[in-house]
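The values are calculated or read from the model by the stated rules, or taken from the named source; none is laboratory data. Worth saying up front: this structure is predicted, and the values here are computed from it rather than measured. Every residue, glycine among them, receives a Cβ derived from its backbone with ideal geometry; neighbour counts consider all protein chains shown. The area values use the complete protein model at the heavy-atom level, side chains included, leaving out ligands, DNA and RNA. Shrake-Rupley method; radii C 1.70, N 1.55, O 1.52, S 1.80 Å.
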Amino acid sequence: MKKTFFFFVLIIYVSVNGISQTVQSPEQFLGYKIGTRFTRHHRIVEYFKTVALARPDMVKIEKYGETNEGRELMLSYIALPENLKKLDAIRKNNLRIAGLSKDKMAAITDGSPAIVWLSYNVHGNEAASSEAAMLTLFALVDENNTQTKEWLKNTIVIIDPCINPDGRDRYVNWYNTSVGKNYNVDPQAREHQEPWPRGRTNHYNFDLNRDWAWQTQIETQQRLVKYNEWMPQVHVDYHEQGYNAPYYFAPASEPYHEVITQWQRDFQNLIGRNHAKYFDANGWLFFTKERFDLFYPSYGDTYPMYNGAIGMAFEQGGIGAGLGIKQSSGDTLTFVDRVTHHFTTSLSTIETSSKNAQRLIDEYKKFFDDNRNAKNEEYKTYIVTSKEANKIDAVKKLLDRNGIEYSTVSGKIKGYRYFTGKEEEAQLDENAIAVSMYQSRSSLAKVLFEQKSKLSDSATYDITAWSIPYAYGVEAYALKEKKEGTASPVAKEITVDNSSYGYLIPYTSLNSVQVLAYLLKNDVKVRYADNPFTYKNKNYDRGTLIVLKTSNVFDNWNGLVKEAAQKFNVQVDAVSTGFMDKGADFGSPDVHLIHAPKIAVVTGDQVSASDAGEVWNLFDQTLDYPITQILASDLGRLDLKNYSVLIFPDGNYQKLSDKAIVEKLKEFETGGGKIIAIQGAVAAFANGDWGIKSKEDKSDAKENKDSKDDYTAIKKFADRDRDFLSDFIPGAIYKVDVDNTHPLGFGYPNYYYTLKQDAGIYEFLKDGWNVGVLKKDNYVAGFSGFKVKNKLKDGVLFGVTENGSGSFVFFSDDPIFRMFWENGKMLFSNAVFLVGE
């Protein structure tokens with residue numbers, strides 16, 4: 001033990017002080033000791049490039065993209081010279097081992113190096129790990145460090161020094177302007193009170209550690225291209241947690257997803273014991289097997305797990321700690337401490353991987369061999385089908401990004417139908433696709449398509465249901481037999497006939513909303529039909545968009561319609577008269593003009609940064625429609641006449657208890673404005689006179705009354721960490737009955753699947769429209785505590801009230817959650833563009 005302790009102290013000394021004669025240490029390059037200052041992102045990039053120039057025989061740098069704010073995203077490949085020369089050959093061989101190579105060459109497993117991928121700083125204000133990345137790079141290339149060269153004999157190390165540069169620099173720049181000449185360890189000091197939206201998230205306030213599978217953000221999309229080109233055997237995601245917490249490393253807490261293999265579990269123990277050896281020798285506290293589970297598929301530890309790797313998250317206490325802070329224990333935690341701990345687990349991970357390299361390769365191969373044989377899989381094929389081709393295309397896009405294979409399928413099938421929970425026969429639509437479990441990525445596919453979550457422990461860290469059919473609003477069937485498909489057909493080309501009178505645009509998917517937003521942004525007048533109608537023997541549903549020469553007096557109005565149709569893949573029909581075969585003519589009161597909304601979203605303190613970011617991202621990136629971000633603290637002084645729509649994302653709105661603010665919002669609504677509230681904002685409005693009321697849990701009151709004289713109030717101290725579970729709903733799917741005759745429900749069948757993350761539900765509206773209703777027996781999937789289940793019935797989840805010439809729209813759940821809940825985006829857009837018109 002003493003020998004080991006000395007070895008790690010030597011590595012740290014060498015890395016920090018720089019004994020090497022050919023490569024500058026981080027301290028020599030930066031001019032300060034790592035951990036005594038925060039390093040801005042561009043300097044980290046420059047250091048990595050400087051090392052690569054000094055050791056081109058061992059280090060290769062690759063730029064793989066840019067952030068929204070234009071910062072460089074970069075990978076560093078570190079290997080011994082003989083391996084760096086054949087780096088691409090090693091990569092291709094690794095893909096062959098996984099059965100993912102397109103060539104037919106045989107894979108070589110004996111002696112193949114294990115690939116260790118270390119990802120740093122996914123959360124920008126968890127800033128210690130990027131500093132540790134520089135120390136790790138130096139330790140690997142330093143010519144005086146012979147031990148790391150031994151490890152590199154059978155490993156390739158890939159370092160992503162900063163996954164989230166925009167968030168990091170947001171935090172670092174703020175901190176560097178807030179700290180004095182000497183840092184202040186008082187937790188109440190300003191330098192420990194990071195302002196909204198904080199540096200955790202990316203430019204659009206997205207948590208990139210929840211985005212691995214969904215790939216809604218540009219950083220994730222670019223990174224996953226490279227990840228899937230390499231498919232490492234080991235992946236570590238570096239984090240920080242509250243500054244009072246000791247260090248966390250693997251093994252993880254339950255629940256583990258059932259697809260995680262015994263070897264993946266065992267290796268976590270191996271690596272945990274190796275880390276513990278060094279932490280014990282240095283007297284550093286740590287914990288394992290608690291808090292951080294392996295279930296939700298879109299983390300930096302679970303996603304690699306479901307792709308055959310050993311995926312792990314390491315957590316150092318430190319959020320808000322700055323350069324130093326006094327902990328509740330009375331000890332002072334410094335930035336140097338935090339960096340050193342992450343640096344130690346970085347080297348320990350490489351060491352353990354090197355010592356187990358051949359086993360890592362062998363088990364990796366077995367994982368993918370079993371996948372291709374659909375070993376132990378109850379369902380062999382998943383079928384996805386919809387009459388709306390664009391909805392299937394959205395699913396295909398997700399599968400493509402994750403490297404999951406699919407094929408076109410047709411005819412009759414029999415299987416488990418997701419939307420009924422029963423075995424049923426079905427005639428497939430022409431757009432149907434089949435996802436076979438006889439493929440290398442079948443474990444990931446199974447997780448993304450699973451109907452019911454199998455939890456070994458309900459106390460989980462994140463949502464427990466996410467199945468693609470519910471999130472994307474497509475019919476799906478799980479088959480117990482293999483269903484052969486054919487290659488996917490080429491997408492149909494959109495052709496639009498010329499018309500000097502007008503066009504009909506089906507309103508059936510988010511693509512239709514994109515067409516609408518494009519036209520409104522370009523000053524094209526658009527109408528919609530309140531009721532179904534027939535033209536030239538073709539039926540058009542409620543919500544059909546109508547663009548006529550009437551009111552569109554400029555020359556290129558029809559050219560813009562064609563351009564939008566082709567850009568967003570929506571088949572538009574030319575129309576030559578306003579006289580319909582059946583239903584309302586275009587001059588009818590049932591056909592409404594859509595006024596281009598002037599939208600403001602409330603942000604800042606009191607508002608959830610991530611939820612505000614979702615709204616911003618939807619309009620900025622998906623709809624490309626202008627939106628103004630305003631601060632909640634400014635509501636009292638702003639001129640709301642500049643806007644027609646106010647969006648209140650989830651949050652804790654003290655301002656909504658301010659009488660003057662409430663009166664101002666009431667005046668905005670009665671004057672024709674529209675207020676849209678989501679989750680916590682709805683609860684805040686429900687406390688006022690807005691026509692909605694939270695639904696009380698009568699069963700809870702009855703239980704309290706009945707238990708007056710019994711012993712149910714007596715609880716065991718040892719159970720205190722699990723007492724909350726009966727009221728817990730981390731993320732479960734419920735089926736909602738939808739009134740699709742109301743504009744809020746246009747484009748939907750008479751049902752919708754929502755992701756519930758709390759027990760929020762409201763009394764049926766007496767003077768309003770109950771558009772989305774929960775009835776009895778509506779639970780579908782995911783964990784929902786029994787008290788929550790008892791409450792979530794016979795109430796409204798989304799609806800509309802009207803006051804004066806304005807309206808109030810509310811969503812008790814987030815319809816665009818993390819931007820992966822694809823089927824809610826149209827629902828939310830309906831609230832913005834259609835309701836109240």
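Observations
- Whole-Å distance, taken between Cα centres, linking segment 133-151 and segment 383-458: 46 Å
- Residue by residue, segment 325-335 carries 3J(HN,Hα) couplings of 8, 7, 7, 4, 6, x, 6, 9, 9, 9, 5 Hz when phi is fed to the Karplus relation 6.51 cos²θ - 1.76 cosθ + 1.60 (θ = phi - 60°); x denotes Gly or Pro.
- Shape category assigned to segment 315-424 from the gyration tensor of Cα positions, a/c cut at 1.5: prolate
- For the residue pairs Lys149/Lys397; Lys480/Lys735; Lys387/Lys422; Lys492/Lys674; Lys86/Lys492; Lys480/Lys791, the alpha carbons lie more than 31 Å apart in Lys149/Lys397; Lys492/Lys674; Lys86/Lys492; Lys480/Lys791.
- Cα long-axis angle, helix 262-282 against the chain (0 to 90 degrees, to the nearest 10): 50 degrees
- Projected onto its three principal axes, the C-alpha set of segment 782-837 covers 42, 27, 12 Å, listed from the longest axis down.
- Percent of Cα pairs exceeding the 23 Å cut-off, where the set is segment 548-656: 51 percent
- Taking every alpha-carbon pair under 8 Å whose residues sit at least 6 apart, segment 580-683 reaches a relative contact order of 29 percent.
- Solution diffusion estimate, µm²/s, Stokes-Einstein, segment 102-208, Kirkwood Rh from C-alpha pairs, 25 °C, viscosity 0.890 mPa s: 147 µm²/s
- Solvent-accessible area, 1.4 Å probe, carbon plus sulfur percent, for the chain: 47 percent
- When peptides 102-108, 366-372, 437-443 are ranked by their average number of other Cβ atoms within 10 Å per residue, the highest-first order is 437-443, 366-372, 102-108.
- Taking segment 750-801 and dividing mean pair separation by its residue count, relative contact order in percent (alpha carbons under 8 Å, at least six apart): 51 percent
- C-alpha long axis of helix 41-54 to longest principal axis of the chain, angle in °: 40 degrees
- Segment 504-593 - convex hull of the alpha-carbon atoms, volume per residue in Å³: 85 Å³
- Set Lys49/Lys104; Lys693/Lys789; Lys60/Lys396; Lys102/Lys391 screened for pairs whose C-alpha atoms are more than 31 Å apart: Lys49/Lys104; Lys60/Lys396
- Rolling a 1.4 angstrom probe over the protein heavy atoms with all chains in place gives the chain an accessible area of 40 Å² per residue.
- The chain: relative contact order as a whole-number percent, Cα under 8 Å and 6+ apart: 10 percent
- Stokes-Einstein translational diffusion, the chain - Kirkwood Rh over all Cα pairs, 0.692 mPa s, 37 °C, in µm²/s: 113 µm²/s
- Note on the chain: antiparallel DSSP beta bridges, both residues inside, total approximately 65 percent of the bridges counted.
- Pairs of Cα atoms in segment 408-455 fall into 10 Å distance bins, from 0 up to the last occupied one, in shares of 22, 46, 30, 2 percent.
- If you wrap the tightest convex hull around every Cα atom of segment 207-349 and split its volume per residue, you get 113 Å³.
- Rg(Cα)/(2.2 N^0.38 Å) for segment 361-487, N = residue count: 1.06
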